[in-house]
Amino acid sequence: MKQTYMHEDFLLLNETGKRLYHEHASKMPIYDFHCHLQPALIAENKQFENMAQIWLYGDHYKWRAMRTNGIDERFCTGDASDWEKFEKWAQTVPACIRNPLYHWTHLELKKPFGITDRVLNPQTAGGIFKECNEMLKTPRFSVRGLMRLWNVKAVCTTEDPLDTLEHHQAIRKNSFETAIHTTWRPDKAMAPENLEAQNAWIDKLAAMTNMTIANLDDYLAAIQKRQDFFHANGCRLSDHGLDRPYAADYTRKEIEQIFLKIRARKPLSPKECDQFKSAMLVEFGMMNFRKGWAQQFHIGAIRNNNSRMFARLGPDTGYDSIGDFEVALPLSRYLDRLDKQDMLAKTVLYNLHPKDNAVLATMLGNFQDGRTAGKLQFGSGWWFLDQMDGMIQQMNSLSNLGLLSRFIGMLTDSRSFLSYARHEYFRRILCNLLGDEVEKGWWPKDMKLLGQMVEDISYNNARRYFDMEVKD
């Protein structure tokens, strides 16, 4: 096939960058340490019937673009046929010029499907749909086949503490060369603003642990029991989704009283909510440290902005955005509370607002311990920032204020088994960035040093950072 757009040097605009990518980055495996894949699909080795199912189902990035392009909801989350949904996405793709969706779409058609001789638009949609659907029928394009094709060595999915982990257990029972790990996500354990949902979660926790939860000590003991269960099932990583860091002042007695109010379904004041969240974050941090886990904090989203559509469709359907919260002082106070007890675990910080890039990049240096290289990490461009400009801004802030060479690199943060193309996208951007500056004479053209740096950021640093089994 003649390559007309998605050629082998895509995004690589200098010779040094080309060498770094082709000789180093492209050969490295993938360590996808944060995603939202469904482990049930991996356990059953799901074979998708068509491109709409594997590409459009659950993809709120694409839904937002389609809505903006005037596509009716029926073709996003509604009852339109799979072909109709794909056709409407193909209609939207040409309108995505300068949006990362255009790049991602064609990277995902290039690999694994090998389509490089045409772009997706209404004229090519039918042929691409038919061609890709035929490939999806083959074992090479099953869920596990796709992971093999992308050379994925490790994947970390994200589960609530009440998850039974039955699918993770099923995966481990049969041989699969990609290590699939769970990540502990206890957000629902600290959400007292919705008393009914909070108490329902606590009641289910009590039932699962066969415990009576009458007070704060009972609650923490039950949560610890679930963390023990996750640890026994291979979990070594937590994740916390926060609108903002919480570090309000509190006493143990105050939190005990607040918990009793929660169980009595008595509304909390905003101060009490902040105190409870702050206390729980500290408890989770100490639990993570005692277990030797790493922890991730995703900071800055305003979720479910559109109440009408939230009532209709629920969460994670494309109605979230960047928040404008105070980050620096509460984050500093939180990390210090753990550090002064010498109980600060390996920590990865992600921001959603680009105004916080320098804040996070400088915050890391306050708590590096001189024992673990890169113990505190500035996570890759996340969500609305996982595009070219966002990635470059994140790497520039990290480079200027820390050590890019210790960076643990990219992740998919996705629900799609085709999103591993985001690792390729990131690696191409990284190599081009380094190559451009080397050719300007800013850094020595030491290809051994630079090549090792690229390989480390692409895979090795994450492999060393997370204490989880990988089947090399």
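Summary table below
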read-out: Residues (of a type outside the set (A, V, I, L, M) and surrounded by fewer than 19 Cβ atoms within 10 Å (Cβ to Cβ)) located in the stretch 140-171; value: 140, 145, 148, 151, 160, 164, 166, 169
read-out: Scan of the stretch 116-146 for residues that are among the hydrophobic types (A, V, I, L, M, F, W, C) and touching a residue at least 40 places away in the same chain (Cβ under 8 Å), ordered by number; value: 119, 128, 129, 132, 136, 141, 143, 146
read-out: Out of 252, 263, 236, sole residue that is surrounded by 14 or more Cβ atoms within 10 Å (Cβ to Cβ) and farther than 16 Å from residue 198 by Cβ; value: 236
read-out: Helices (runs of 4 or more DSSP H) completely within the stretch 22-116 that count 1 or more residues being buried (at least 19 other Cβ atoms within 10 Å of the Cβ) and of a type in the set (Val, Ile, Thr); value: 39-43, 51-55, 82-92, 100-110
read-out: Only one of 310, 384, 325 that is more than 18 Å from the chain's Cα centre (by Cα), in the same structural domain as residue 442 (by TED's automatic domain parsing) and not in a loop (DSSP other than H, G, I, E, B); value: 310
read-out: Pair list, Cβ under 7 Å, 6 or more apart: the stretch 451-472 residue of a type in the set (Lys, Arg), other residue buried (at least 16 other Cβ atoms within 10 Å of the Cβ) and modelled with pLDDT of 95 or more; value: 463/31; 471/153; 471/179
read-out: Scan of the stretch 435-444 for residues that are on the phi < 0 side of the Ramachandran plot and either surrounded by 24 or more Cβ atoms within 10 Å (Cβ to Cβ) or small (Gly, Ala, Ser) (or both), ordered by number; value: 435
read-out: Some residue of the stretch 325-341 being touching a Ser or Thr at 6+ places or on another chain (Cβ under 8 Å) and of a type in the set (Ser, Thr, Tyr); value: yes
read-out: Checklist (1) more than 25 Å from residue 163 (Cα to Cα); (2) surrounded by 15 or more Cβ atoms within 10 Å (Cβ to Cβ) applied to residue 242, failing item; value: (1)
read-out: Pairs where the first residue, in the stretch 64-76, is over 14 Å from residue 309 (Cβ atoms) and the second is surrounded by 12 or more Cβ atoms within 10 Å (Cβ to Cβ) and of a type in the set (Gly, Ala, Ser), C-beta under 6 Å, 6+ apart; value: 69/95
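Condition check ((1) under 19 Å from residue 235 (Cα atoms); (2) acidic (Asp, Glu); (3) surrounded by 16 or more Cβ atoms within 10 Å (Cβ to Cβ); (4) in the same structural domain as residue 167 (by TED's automatic domain parsing)) across all residues:
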{"position": "185", "(1), (2), (3), (4)": "yes, no, yes, yes"}
{"position": "205", "(1), (2), (3), (4)": "yes, no, yes, yes"}
{"position": "210", "(1), (2), (3), (4)": "no, no, no, yes"}
{"position": "217", "(1), (2), (3), (4)": "no, yes, no, yes"}
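The values are calculated or read from the model by the stated rules, or taken from the named source; none is laboratory data. Bear in mind that the values here come from a model prediction, so they are computed numbers and not experimental data. A quick note on method: Cβ atoms are made from the backbone with ideal geometry, for glycine too, and the neighbour counts reach across all protein chains shown.
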